[in-house]
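First the structure, in the form of structure tokens, and then the observations on it.
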Amino acid sequence: MNGQLNWFKGGLLLGAAFLLAVAFVKPIGVSTQFVIADGIVCNLFSGSVVHKDADSKSGYSSSNAYLNKSGGKYAKNVANPINYSFIFVIAMVIGAFLSSRLGGPKPTPLDRSAPEVWRQRFGKNPTRRYVTVYFAGVLVLFGARLAGGCTSG
């Protein structure tokens, strides 16, 4: 029962964090931040993906049509990435790392490569799991972008 209470408490805390974020800042959504991160990397190498533009609503424009959407809103985020959404993504990574170090029972080496449920259904091959999970993530991200944003936003 103790393990069940932990997930229940975690779910309540996650729901409360989501509710507070929506109430005080804005809906939580991170799929756009992958596009922003891509823009930052592209801009590092070419330096011409985003540029200041006094005629643009945001003050920035881009040669990339997606980054130029909404009056250059995303182009502005590429030029100035330190904002709520980008910090939220960084905090998620840091939070996951801290949780892995400080939270509950540690998975066995076998569970790290393929959890028990996966092994029972698909076997012990971790490569198959990694490939499947990678493409599932790509598919979810593609669907989120196709829909205009992630489902939580």
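The values are calculated or read from the model by the stated rules, or taken from the named source; none is laboratory data. None of the values given here were measured: they were computed from a predicted structure. We place every Cβ from the backbone using ideal geometry, glycine too, and count neighbours over all the protein chains shown. SASA here: full protein model, heavy atoms, side chains in, ligands and nucleic acids out. Shrake-Rupley method; radii C 1.70, N 1.55, O 1.52, S 1.80 Å.
Computed quantities for the displayed model
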read-out	value
Segment 71-119 - residue that is within 25 Å of R145 (Cβ to Cβ), out of contact with any Leu (no Cβ under 9 Å at 6 or more places or on another chain) and of a type in the set (V, I, T) and, of those, modelled with the highest pLDDT	I94
Candidates I87, I82 - the one that is within 28 Å of W7 (Cβ to Cβ) and either open to solvent by less than 80 Å² (accessible area, probe 1.4 Å) or not basic (K, R) (or both)	I87
Among (1) modelled with pLDDT of 85 or more; (2) open to solvent by less than 50 Å² (accessible area, probe 1.4 Å) - the single one T132 does not satisfy	(2)
Close pairs from segment 86-108: first under 19 Å from A21 (Cβ atoms), partner modelled with pLDDT of 80 or more and not hydrophobic (A, V, I, L, M, F, W, C), Cβ under 8 Å, at least 6 apart	F86/Q33; F86/N77; F88/Q33; V89/Q33
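Okay, residues lined up against (1) at pLDDT 85 or above; (2) closer than 18 Å to N83 by Cβ; (3) surrounded by fewer than 13 Cβ atoms within 10 Å (Cβ to Cβ); (4) among the basic types (K, R):
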position	(1), (2), (3), (4)
F8	no, no, yes, no
L12	yes, no, yes, no
F18	no, no, no, no
G39	yes, yes, no, no
D53	yes, no, no, no
